[in-house]
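As structure tokens, the structure follows; a few thoughts come after it.
The values are calculated or read from the model by the stated rules, or taken from the named source; none is laboratory data. Because the structure is a prediction, the values reported are computed rather than measured. For neighbour counting, all protein chains shown are included, and Cβ atoms are generated from backbone atoms with ideal geometry for every residue, glycine included.
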Amino acid sequence: MTAASFSSLQSDHSPNSSNSQGVGVRTSGSAAPKPATPDFAVLGGGLSGRLVAWRLAGAGHRVALYERGGPEGGEAAAWVAAAMLAPLAEAAVAELLITELGVASLDTWPRILAELPEPVFFQRNGTLVVWHHADRTEAPLFERRVRANAPRELADAHFTTLQGAQLDAAEPALAGRFARGWLLDGEGQLDNRQALAALAAGLAQRGVETHWHTSVDDANLPQARVTIDCRGLGAKPALPALRGIRGEVARVHAPGIGLTRPVRLLHPRYPLYIAPKQNDLYVIGATEIEGEDRSPVSVRSALELLSAAFAVHPAFGEARILELNSQVRPTLPDHRPALIWDGDATLRVNGLYRHGFMIAPAVADEAVRVAEALLAGRLADADAFEALRAGSRWASMLHTTQGQSERAHA
Ligand SMILES: Cc1cc2nc3c(=O)[nH]c(=O)nc-3n(C[C@H](O)[C@H](O)[C@H](O)COP(=O)(O)OP(=O)(O)OC[C@H]3O[C@@H](n4cnc5c(N)ncnc54)[C@H](O)[C@@H]3O)c2cc1C
């Protein structure tokens, strides 16, 4: 394992000293005990890094986490995400592995949130899918894609057609506005920023050594027995096949509309969602633009997002724009998440693309399983890795660096 001294990185930000979140301050001085090498160094404290570090610390391990941004999570794709947990709706653009990870994670989120020290808005009130009459040819396409990618029993049980008065009763805020729609019941969403904050508080509570505002570079990795790389797009130097897919969202305050669940509008060019959070806050998203451009939202995208919201409900015309923001989704060539073992003592968790919140609990569980095998010395060679894969529900997510680069070039 590459494990150079960490002293150069921590000159400005010694462990647990650099944040304003009430994390303990370690005093320096000759009498201070030298910190022991942690079991795990988690690189990147966005969504997956926080979750993995929190889970490992909960299992009794000594964990250090390094994040280039602050505890609020403002540098992460997770900061901008709408955090919809919609495995069936996403099956229109994702394959079975993602749907199944999403279903497993939907059941796990409430247990995670119940253990965090701060409240997080979480809802399982379903997803409503609607379309304007002019775009009605989109509807059978959407349904066909969902049914092709999702397990049959899931689609049969949770895909309910609503017409006229049924639709009006299900979502009174949209009464009279759409003739038909689908309710994908049981789907969920949460508040992404509350989740990041609660996870940061959870890390502090579990004694994770947090190094906020600390950028880790591959030539100078912190010392640890096992390294878990959760840097999202920041892991590109180690995973050259990674690419970014830009997404733009608007956050608006719209009192009085009262949507009760995320609404997806089918459209041939501007498919859009509106996710209602607490206190009349709505996240309207999201564009999908190939590239890693993190410049501000374009006029074109802002017009598309806001016009589509206005078309769902004209009261959005009076909403107040709180924020227009962009971020980049970390994406592997096959658009699937991956846990990639380097053959030594590093595991990379990446490729969460547009489904990070939806699948993170199941991905983190599996990452913890592999990471603990590494720590215990049970993952020492290719045969051991194959045995671990064979025992995994998510075998197609487990790769070695060599296998991953072969896939990238296939
Ligand atoms: C517009 C948009 C909408 C989205 N909507 C949804 C949605 O509705 N539902 C859903 O499930 N998902 C959604 N996502 C996807 C989700 O946000 C991502 O899949 C998820 O955030 C990826 O998690 P991650 O931990 O891999 O990466 P990130 O959340 O990006 O975290 C990576 C972290 O690593 C840190 N880092 C990078 N390099 C370094 C370094 N060298 N040293 C130290 N730290 C480093 C970064 O600062 C960052 O905090 C959306 C994404 C976008 C952009």
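Please give the number of the condition Ala57 fails out of (1) away from the ligand (no atom under 11 Å from the Cβ); (2) not in a helix (DSSP H, G or I).
For Ala57, the failing item is (2).
What pairs come up if the first residue lies in segment 147-162 and is over 15 Å from Gly102 (Cα atoms), the second is aromatic (Phe, Trp, Tyr), and their beta carbons are under 9 Å apart, counting only those six or more places apart or on different chains?
Correct list of pairs: Arg147/Phe159; Phe159/Trp182; Thr160/Trp182; Thr161/Trp182; Leu162/Phe178; Leu162/Trp182.
Does any residue in segment 211-236 that is under 13 Å from Gly46 (Cβ atoms) come within less than 8 Å, Cβ to Cβ, of a residue that is buried (at least 17 other Cβ atoms within 10 Å of the Cβ) and acidic (Asp, Glu) six or more places away or on a different chain, and which pairs are these?
Sorted first by the residue in segment 211-236, then by its partner, the pairs are Trp212/Glu67; Ala235/Asp229.
For segment 261-280, enumerate the residues that are under 20 Å from the mean Cα position of the chain (by Cα) and surrounded by fewer than 16 Cβ atoms within 10 Å (Cβ to Cβ).
Gln278
Here are some residues: Gly181, Gly234, Gly202. Which one is more than 11 Å from the ligand (Cβ to nearest atom), part of a helix (DSSP H, G or I) and crowded, with 20+ Cβ neighbours inside 10 Å?
Working: Gly181 fails: part of a helix (DSSP H, G or I); Gly234 fails: more than 11 Å from the ligand (Cβ to nearest atom).
Result: Gly202 is the single residue among Gly181, Gly234, Gly202 that is more than 11 Å from the ligand (Cβ to nearest atom), part of a helix (DSSP H, G or I) and crowded, with 20+ Cβ neighbours inside 10 Å.
Identify, please: which residue in segment 241-282 is small (Gly, Ala, Ser) and away from the ligand (no atom under 11 Å from the Cβ) and is, among those, nearest to Ile340 (Cα to Cα)? Even if it seems obvious, please write down each step before you answer.
Our first condition is that a residue be small (Gly, Ala, Ser); within segment 241-282, this holds for 241, 244, 247, 250, 254, 256, 258, 275.
Next, only the ones that are away from the ligand (no atom under 11 Å from the Cβ) stay: 241, 254, 256, 258.
Numbers: Ala241: 12, Ala254: 43, Gly256: 47, Gly258: 43 Å.
In this case the residue turns out to be Ala241.
Does segment 100-113 include one or more residues that are among the charged types (D, E, K, R), assigned to a helix (DSSP H, G or I) and either surrounded by fewer than 16 Cβ atoms within 10 Å (Cβ to Cβ) or modelled with pLDDT under 95 (or both)? Outline the logic, then answer.
The initial filter retains those residues of segment 100-113 that are among the charged types (D, E, K, R), namely 100, 107, 111.
With the extra rule that they be assigned to a helix (DSSP H, G or I), the set shrinks to 100, 107, 111.
Now narrow it down to the ones that are either surrounded by fewer than 16 Cβ atoms within 10 Å (Cβ to Cβ) or modelled with pLDDT under 95 (or both): 107, 111.
Scanning segment 100-113 turns up at least one residue that is among the charged types (D, E, K, R), assigned to a helix (DSSP H, G or I) and either surrounded by fewer than 16 Cβ atoms within 10 Å (Cβ to Cβ) or modelled with pLDDT under 95 (or both).
Only one of Arg62, Arg68 is more than 16 Å from the chain's Cα centre (by Cα) and within 10 Å of the ligand (Cβ to nearest atom). Can you tell me which?
Exactly one of Arg62, Arg68 is more than 16 Å from the chain's Cα centre (by Cα) and within 10 Å of the ligand (Cβ to nearest atom), namely Arg68.
Take Glu171 and decide whether it is within 23 Å of Ala275 (Cβ to Cβ), acidic (Asp, Glu) and crowded, with 24+ Cβ neighbours inside 10 Å.
Numbers: within 23 Å of Ala275 (Cβ to Cβ): yes; acidic (Asp, Glu): yes; crowded, with 24+ Cβ neighbours inside 10 Å: no.
So Glu171 does not fit the description; no.
Of the residues that sit in segment 109-127 and are touching a residue at least 40 places away in the same chain (Cβ under 8 Å) and of a type in the set (A, V, I, L, M), which one is farthest from Glu143 (Cα to Cα)?
Step one: of segment 109-127, the residues touching a residue at least 40 places away in the same chain (Cβ under 8 Å) are 109, 112-113, 115-127.
Now drop any that are not of a type in the set (A, V, I, L, M), which leaves 112-113, 116, 120.
Numbers: Ile112: 32, Leu113: 32, Leu116: 37, Val120: 32 Å.
Checking each candidate, the answer is Leu116.
Could you check segment 344-358 and list, in sequence order, the residues that are under 23 Å from Gln189 (Cβ atoms) and assigned to a strand (DSSP E or B)?
As a first pass, look at segment 344-358 and keep what is under 23 Å from Gln189 (Cβ atoms): 349, 351-358.
Of everything in segment 344-358, just one residue is under 23 Å from Gln189 (Cβ atoms) and assigned to a strand (DSSP E or B), namely Val349.
Anything in segment 74-89 that is crowded, with 24+ Cβ neighbours inside 10 Å and more than 6 Å from the ligand (Cβ to nearest atom)? List them, or say none.
Leu85, Ala86, Pro87, Leu88, Ala89
Is it fair to say Ala195 is under 24 Å from Arg369 (Cβ atoms), at pLDDT 95 or above, within 15 Å of the ligand (Cβ to nearest atom) and buried (at least 23 other Cβ atoms within 10 Å of the Cβ)? Give the derivation first.
Values: under 24 Å from Arg369 (Cβ atoms): yes; at pLDDT 95 or above: yes; within 15 Å of the ligand (Cβ to nearest atom): yes; buried (at least 23 other Cβ atoms within 10 Å of the Cβ): yes.
Yes, satisfied.
On the basis of being under 21 Å from the mean Cα position of the chain (by Cα) and more than 20 Å from Ala311 (Cα to Cα), does Leu203 make the cut? Spell out the reasoning first.
Numbers: under 21 Å from the mean Cα position of the chain (by Cα): yes; more than 20 Å from Ala311 (Cα to Cα): yes.
Answer is yes for this residue.
Could you check segment 276-307 and list, in sequence order, the residues that are closer than 19 Å to Arg246 by Cα and aliphatic (A, V, I, L, M)?
Within segment 276-307, Val283, Ile284, Ala286, Ile289, Val297, Val299, Ala302, Leu303, Leu305, Leu306 meet the criteria.
Looking only at segment 61-72, which residues are surrounded by 24 or more Cβ atoms within 10 Å (Cβ to Cβ) and either in the same structural domain as Arg251 (by TED's automatic domain parsing) or part of a loop (DSSP other than H, G, I, E, B) (or both)?
Correct list: Glu67, Pro71.
Kindly provide the set of residues from segment 354-372 that are more than 6 Å from the ligand (Cβ to nearest atom) and within 8 Å of the chain's Cα centre (by Cα), ordered by number.
At the first step, the residues of segment 354-372 found to be more than 6 Å from the ligand (Cβ to nearest atom) are 359-372.
Listed by number, the residues that qualify are Ile359, Ala360.
Tally the residues that are surrounded by 16 or more Cβ atoms within 10 Å (Cβ to Cβ) and part of a helix (DSSP H, G or I), restricting the search to segment 124-168.
Adding up the residues that qualify gives 13.
Could you grab me the full set of residues in segment 127-169 that are hydroxyl-bearing (Ser, Thr, Tyr) and closer than 13 Å to Leu266 by Cα?
Thr127, Thr137
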